[in-house]
Protein chains: 2
Amino acid sequence: MSPENVYGSRGHGRHTKPYHVDTLKHIALLGGVKGYVSLSSKELGEKLGISQQSASQRILELLEADLIQRDLAARKQRVRLTAKGVDLVRREYADYKRVFEAREALTIHGTVTSGLGEGAFYMKQRGYKEQFREKLGFEPYEGTLNLKIGGEDLVALNILEEEPGVVIDGFTDSGRTFGGAKCFAASLKGVECHAILPLRTHHTDNLELIARGHLRSKLGLRDGDEVAVEVRL
Amino acid sequence: MSPENVYGSRGHGRHTKPYHVDTLKHIALLGGVKGYVSLSSKELGEKLGISQQSASQRILELLEADLIQRDLAARKQRVRLTAKGVDLVRREYADYKRVFEAREALTIHGTVTSGLGEGAFYMKQRGYKEQFREKLGFEPYEGTLNLKIGGEDLVALNILEEEPGVVIDGFTDSGRTFGGAKCFAASLKGVECHAILPLRTHHTDNLELIARGHLRSKLGLRDGDEVAVEVRL
DNA sequence: ATTACTAATCATCGAGTAG
DNA sequence: TCTACTCGATGATTAGTAA
């Protein structure tokens, strides 16, 4: 588990309390990930084994932390998780998945996308290129293959976030700061490559792949193609 | 989630506190499921974002609740989860899995075993037979096919425990009490059957199947055969 | 019925420190 | 070093009740 992932900073919110994840889990189990669910504070209290008053308080705290949204128009409130709330719960899920399904490799499904071409800019930086040669043993093509990850495969990204990988250090060049990243050996349709993730940024649903050559042309990939990449841990 | 699954009674322990599952999760992530891991109270405190003193206290509470075992012989303590502790964490995992991988069917792998022939005794009871005819629409063969479930498939059993299913009520006959159960439609190698689970008992690694005919002879199954059963929710 | 405020109670936590 | 005790401070929960 990442060192920052402690109560005081969990979910990047300043007000995240230890029991919030569990509360979110119960709302999620009622369908709060897909849409609003009718849930009185009394009902929530019963599910959590606490009083109506405490449950009401927790709802207020989750609202304050932007982890749920509420519709208080009708007699009975309706709640749903925010994207941030879903993300927090999915991260917790990733932890448990790591406990029981620790593997040497993860298969992640994604859709080929163009992105903003930002990857190429970063791949051209000398500060990165030298480290790639040193730590990965090759100098990658100056561009990345961007995969959009969705649905059940998102949890795999959360697992990667918590695995060490090969660390590429951040640096500064001409007054600009370039953040650190980590790499995992991977293969895409039999072609060896590396998955690369920023060290700090979370909340992403993208996975970038780098390789010796130009993956897109080598594999004849186009935007929208569905692929499965095998990432080794 | 089952109504009993609240803090006060979680894991059937009288002393289970809300943060115990999270503490167990961190120990599990370090390898505490497979064996002892060296873990000082200071280290645990850092992982949980609490002080060394509080972490020490949590270790004592987990020991008291029979959720971990400890080896305090060396300079640094070593801890591991008990079966009860693993079970508690796996149940939590099942909750999260249900949130993100809610499906209409679960595929569960198991090994055919003979068991003690107890299944047949229960299947002969009139109190059950009448309910099977009424609620499942057929009267099953007077015996069960017993599957031993292991490893990663155990979490599927925990998911079934939390799903409603078709409830078979308990009853008393000749002064003896017969507990309730719940059934899920299933198929084994293309043959329609039902999975049946006791309503109260937990901590099992067995799954019993009932069907119109004798599954074992119909499918040519022997003890030790590996099968996959598709259970519909 | 609801939600949620306030005040009192109760539990959790960490600093200091002993073994 | 380590674990873990005491105890005062902090934080969480609930009963009573308002709206």
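Side notes on the structure shown:
- For A:VAL231, the test of being more than 30 Å from B:LEU30 (Cβ to Cβ), in contact (Cβ under 8 Å) with a residue 12 or more places away in the chain and not in a helix (DSSP H, G or I) is failed.
- Taken over the stretch B:35-74, the criterion of being free of Cβ contacts under 8 Å to residues at least 40 places away in the same chain, charged (D, E, K, R) and away from DNA strand C (no atom under 13 Å from the Cβ) is satisfied by B:GLU43, B:ARG70, B:ASP71.
- Between A:VAL112, A:VAL89, the distinction of being within 14 Å of another protein chain (Cβ to nearest Cβ), among the aliphatic types (A, V, I, L, M) and surrounded by 15 or more Cβ atoms within 10 Å (Cβ to Cβ) belongs to A:VAL89 only.
- Flag if A:VAL191 is closer than 30 Å to B:VAL99 by Cα and among the β-branched types (Val, Ile, Thr): no
- When residues of the stretch B:36-72 are limited to those that are β-branched (Val, Ile, Thr) and either within 8 Å of DNA strand D (Cβ to nearest atom) or within 14 Å of chain A (Cβ to nearest Cβ) (or both), the one farthest from the chain's Cα centre (by Cα): B:ILE50
- So B:ILE159, is it surrounded by 14 or more Cβ atoms within 10 Å (Cβ to Cβ), among the aliphatic types (A, V, I, L, M), out of contact with any Gly (no Cβ under 8 Å at 6 or more places or on another chain) and over 14 Å from B:LEU209 (Cβ atoms): yes
- The set of residues from the stretch A:94-127 being assigned to a helix (DSSP H, G or I) and under 17 Å from A:ILE210 (Cβ atoms) comprises A:GLU118, A:GLY119, A:ALA120, A:PHE121, A:TYR122, A:MET123, A:ARG126, A:GLY127.
- Selection status of B:ILE27, surrounded by 19 or more Cβ atoms within 10 Å (Cβ to Cβ), near DNA strand D (Cβ under 10 Å from one of its atoms) and closer than 23 Å to B:ARG90 by Cβ: no
- Scanning the stretch B:19-54 for residues that are touching a Ser or Thr at 6+ places or on another chain (Cβ under 8 Å) and under 16 Å from B:LEU81 (Cα atoms) returns B:SER41, B:LEU44.
- Residues that are modelled with pLDDT under 95 and out of contact with any strand residue (DSSP E or B) (no Cβ under 7 Å at 6 or more places or on another chain), drawn from the stretch B:32-84: B:LEU72, B:ALA73, B:ALA74, B:ARG75
The values are calculated or read from the model by the stated rules, or taken from the named source; none is laboratory data. Note that the structure is predicted; figures quoted are calculated from it, not measured. Because the Cβ atoms are built from the backbone with ideal geometry, glycine has one as well, and the counts that use them run over all protein chains shown.
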